[in-house]
Every structure is written in structure tokens, then in C-alpha cells.
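S.K.: Before I ask anything, let me first share the structure, which is written out below as C-alpha cells.
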Amino acid sequence: MPIGVEYCKAENGKIISPGKDSPPSNKKTSSTKLLYLKFSHTSPCFRLTPTTMFFDSHVHFDRFVKDGTFQDLLDHSKEAKVLEMLAIGGSSEANALSLKLAKEHPGRIFGCAGYDRDLATESPDGPELRGFLENPLVRAVGETGLDYYYTAETASEQKKLFAENLALAVEFEKPVVVHTRDADGDTIALLKDYSNAWKGDPGRLGVLHCFTRDTAFARQVLDLGLMISFSGIVTFANADPLREVATYVPDDRLLIETDSPYLAPVPMRGNRNEPAFVVHVANRLADLRGGSLDSIANLTAKNARTLFAL
Ligand SMILES: [Zn+2]
């Protein structure tokens with residue numbers, strides 16, 4: 001069952017009713033009104049200012065489009081002030097959908113195209129990918145990378161495909177969205193070559209998405225010039241080491257994402273993840289880093305806009 005966004009009622013800045021309330025109309029959220037946002041009866045009530053916005057830097061839209069819940073996703077994300085999203089590619093179908101959504105929702109959804117590691121043994125269509133990357137609505141290359149957790153036996157093919165994607169990122173001067181799992185050494189080695197070859201703005205190299213490793217690995221990624229994106233995993237009970245990393249990443253390298261439909265954050269576990277829930281990720285980062293939700297939201301949105309040149 002998809003979860004809607006609920007609103008709590010507040011008077012004079014104090015929450016007086018944590019229950020369901022009707023969403024404020026755009027008129028009511030005028031320049032002075034604060035917005036109080038709640039996702040379920042167990043979720044905390046979030047206080048947002050009228051200028052708060054979130055950027056979900058990693059969304060897979062295919063399932064929402066297929067099962068007819070895409071409009072709900074858009075409505076919920078708008079209510080939660082998740083105003084911009086990157087539609088992740090990674091296969092012919094995902095790349096085409098990303099571009100289609102970017103065309104249909106300009107300023108709201110941005111395109112991304114690449115070939116992910118699960119295509120490593122299939123020699124995917126290179127000219128087709130170039131066609132996507134030539135389109136200015138496509139703002140990044142990916143997702144792409146290495147995953148030796150599931151398919152270590154295809155490591156050499158994965159490295160080859162990842163290197164090809166990185167070469168295209170250099171050529172088109174579009175940042176790369178990197179997936180990596182159990183492949184730290186090879187990932188860093190390939191990203192080092194990429195970083196050396198990059199001729200574009202040094203702040204727009206790319207992002208290591210859904211970060212789950214330790215501070216030492218984060219240091220290497222940051223030293224190469226990439227950003228680091230945190231997902232709902234940072235809210236999980238067993239994620240103390242990751243929360244340590246979340247305090248370590250500098251302000252100007254920090255991104256947030258849902259990786260929807262996967263990895264719903266606490267307290268939305270058990271639901272399908274959706275971009276509106278990125279508020280929970282930002283809220284946890286705000287707690288850990290000692291900032292307001294507002295400042296984390298706007299900071300990470302600004303970083304995403306820098307990275308994707310928006
Ligand atoms: Zn992903």
C-alpha cells in the first residue's frame with residue numbers, strides 16, 4: 001500500500017495535532033507559513049520553511065510507471081517539497097524512460113543514461129548510449145560501476161563496461177553516478193584514471209551513490225573529487241559505522257537519495273520507497289551533523305544542482 005504524506009497541525013510553531021490533517025494549499029504556504037509534514041502516525045513531524053527543497057539524486061521510476069503509481073509519487077514528492085529528482089538509467093529501457101520523464105517533467109525530473117554492471121556480459125549498444133548522452137536533458141552518466149557481491153565472476157567484463165562509461169562521461173563532460181559493492185580497490189583504480197582524464201569542472205566529476213563503506217574509503221572517494229550520496233541505509237539500526245561517515249563528508253560534497261523503490265528509510269520500512277521519503281534521510285543527516293533539516297535539504301539540493309549543472 002503506498003503511503004501518502006500527512007500533515008500535522010500547528011499553531012504558533014507548536015505541533016498541536018500529530019494526526020492526519022488536510023494538506024495546505026499553495027496559497028496557505030505563503031512566504032511566512034511554516035509547513036509541518038508527517039508521513040505516518042509513527043513518523044516524526046518535520047518542520048519545513050517555505051523555501052525548503054529536497055533533491056532526490058537517485059530514483060528508479062520504472063516500477064511506479066508500470067504499476068500506475070507514478071502520479072501518486074509525483075504528488076507525494078511535491079507535498080514533501082522533494083521538487084527535483086534524477087531519473088536513473090542503466091539499461092536501454094531505463095535510459096529511454098529517464099529521457100522520456102525528463103522531457104515530460106522539465107525542471108522536475110532530470111535524465112541520466114549509462115550501462116550498469118549487470119549488462120557487462122551482454123555488449124550493450126554503444127551508439128545508442130551516445131545518442132542519449134548527446135541530449136542536453138541527460139545530465140549524468142549512469143548508474144554504472146562494479147558489484148562483486150553478486151557477480152564476482154564477471155569482474156573483468158564489469159571493469160571494461162565501467163571504463164567505457166567513464167570514458168563517455170569524460171567525452172561528454174557529464175558526471176558519473178557510481179554503484180560499487182565489494183569492489184573498493186578496482187573502483188578507486190578506475191575512478192583515479194577517470195579523475196585524471198576529466199577535463200570539465202572539477203566539482204562535477206560524479207557521485208558515489210548509496211554509500212555504505214567506511215571513512216577510509218570515503219576519504220579516497222573525496223580525494224578523487226567525487227561527491228558522496230547517503231540513502232535510507234543511514235537510518236537503519238545497524239548502521240552506526242555509516243553514521244560516522246555521514247559526519248565526516250564535507251558540506252559541499254554531500255548528496256541525499258532514496259534509491260527508490262528500494263531501501264525505504266526508518267520509520268517507513270516495509271513500504272515501497274519513494275522520493276518523498278528522502279526527507280527522512282535528510283532528517284537523520286541533520287541530527288548527525290548538527291544542522292537543521294532545512295539547511296541539509298537546501299545544501300544537498302544545491303550540491304546536486306552544481307553536480308548536474310542545473
Ligand atoms: Zn540505483
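Here, each number is a calculation from the coordinates, and none is a lab measurement. Because the structure is predicted, anything quoted here is derived from the model rather than measured. We place every Cβ from the backbone using ideal geometry, glycine too, and count neighbours over all the protein chains shown.
S.K.: Arranged from highest to lowest average of other beta-carbon atoms within 10 Å per residue, in what order do the peptides 63-71, 80-88, 291-299, 145-153 appear?
M.R.: Details: 63-71: 13.2, 80-88: 25.7, 291-299: 19.6, 145-153: 16.7.
Going by the mean number of other Cβ atoms within 10 Å, highest first, we get 80-88, 291-299, 145-153, 63-71.
S.K.: Using the structure shown, list the pairs from LYS160/LYS199; LYS78/LYS100; LYS103/LYS159 with a Cα-Cα distance above 23 Å, or answer none.
M.R.: Details: LYS160/LYS199 21 Å; LYS78/LYS100 20 Å; LYS103/LYS159 32 Å.
Going by Cα-Cα distance, LYS103/LYS159 fall outside the 23 Å limit.
S.K.: If you add up the charges near VAL245, with Lys and Arg at +1 and Asp and Glu at -1, over every other residue whose beta carbon is less than 12 angstrom from its beta carbon, what do you get? Could the numbers behind the result be given before it?
M.R.: Details: positive: ARG213, ARG219, ARG243, ARG253, ARG289; negative: ASP214, ASP240, GLU244.
So the surrounding residues net to +2.
S.K.: Let me ask you something else. Round to a whole angstrom and tell me the spacing of the C-alpha centers of region 226-287 and region 89-115.
M.R.: Cα centres, region 226-287 to region 89-115: 23 Å.
S.K.: Follow-up question, since we're still on this one. Quick one: which residues, 5+ away or cross-chain, put their amide H under 5 Å from the amide H of PHE55? H built at 1.01 Å from N.
M.R.: Residues meeting the criterion, in which the H sits 1.01 Å from N, are ALA301.
S.K.: Report the local net charge at VAL207: Lys and Arg +1, Asp and Glu -1, summed over other residues whose C-beta lies under 11 Å from its C-beta. Walk me through the numbers before you get to the answer.
M.R.: Numbers: positive: ARG204, ARG253; negative: GLU143, GLU257.
Surrounding charge for VAL207 is 0.
S.K.: Taking R0 as 25 Å, what FRET efficiency do you get between ASP72 and TYR149 from their Cβ-Cβ distance, rounded to the nearest 0.05?
M.R.: Values: r = 32 Å, r/R0 = 1.28.
Here the calculated transfer efficiency is 0.20.
S.K.: Still on this structure, please answer the following. Quick check for me: using +1 on Lys/Arg Cβ and -1 on Asp/Glu Cβ, what's the dipole size of region 201-282 about its Cα centre, in debye to the nearest 20?
M.R.: On the way: 7 positive and 10 negative charges, 38 e Å.
In total the dipole reaches around 180 debye.
S.K.: Now, a different point. Calculate how steeply helix 92-104 sits against the longest principal axis of the alpha-carbon atoms of the chain, using the helix alpha-carbon long axis, and give the answer as 0 to 90 degrees to the nearest 10.
M.R.: That helix lies at roughly 40 degrees to the long axis.
S.K.: Sticking with this structure for a sec: May I have the extent of the alpha carbons of region 140-202 along their three principal axes, as whole Å values ordered from largest to smallest?
M.R.: Over region 140-202, Cα extents along the principal axes are 34, 17, 15 Å.
S.K.: What is the gain in length, in nm to one decimal, between ARG130 and THR215 on full extension, counting 0.36 nm per residue of separation less the C-alpha to C-alpha distance?
M.R.: Values: separation 85, 0.36 × 85 = 30.60 nm, distance 3.50 nm.
Residue separation times 0.36 nm, minus the Cα-Cα distance, leaves 27.1 nm.
S.K.: Express in nm, to one decimal, how much length is gained between ASP223 and ALA167 on full extension, taking 0.36 nm for each residue of separation and deducting their alpha carbon distance. Display every interim value, and only then the final one.
M.R.: Numbers: separation 56, 0.36 × 56 = 20.16 nm, distance 1.98 nm.
Difference between extended and current length: 18.2 nm.
S.K.: Using all Cα-Cα distances in the chain, what percent lands in each 10 angstrom bin from 0 up to the longest?
M.R.: Per 10 Å bin, starting at zero, the Cα-Cα P(r) for the chain comes out as 6, 28, 36, 21, 7, 1, 0 percent.
S.K.: Between LYS199 and ASN238, what FRET efficiency follows from the Cβ-Cβ distance if R0 is 35 Å, with the result rounded to 0.05? Write down the numbers at each step before the final one.
M.R.: On the way: r = 41 Å, r/R0 = 1.18.
So, using R0 = 35 Å, E works out to roughly 0.25.
S.K.: Mind checking which aspartates and glutamates have their Cα closer than 14 Å to the Cα of LYS302? Skip sequence neighbours fewer than 8 apart in that chain.
M.R.: Here the aspartates and glutamates satisfying the reach criterion relative to LYS302 are ASP56, GLU84, ASP251, ASP252, GLU257, ASP294.
S.K.: Mind pulling the angle between the C-alpha long axis of helix 278-289 and the longest principal axis of the chain? Nearest 10 degrees, somewhere in 0 to 90.
M.R.: 90
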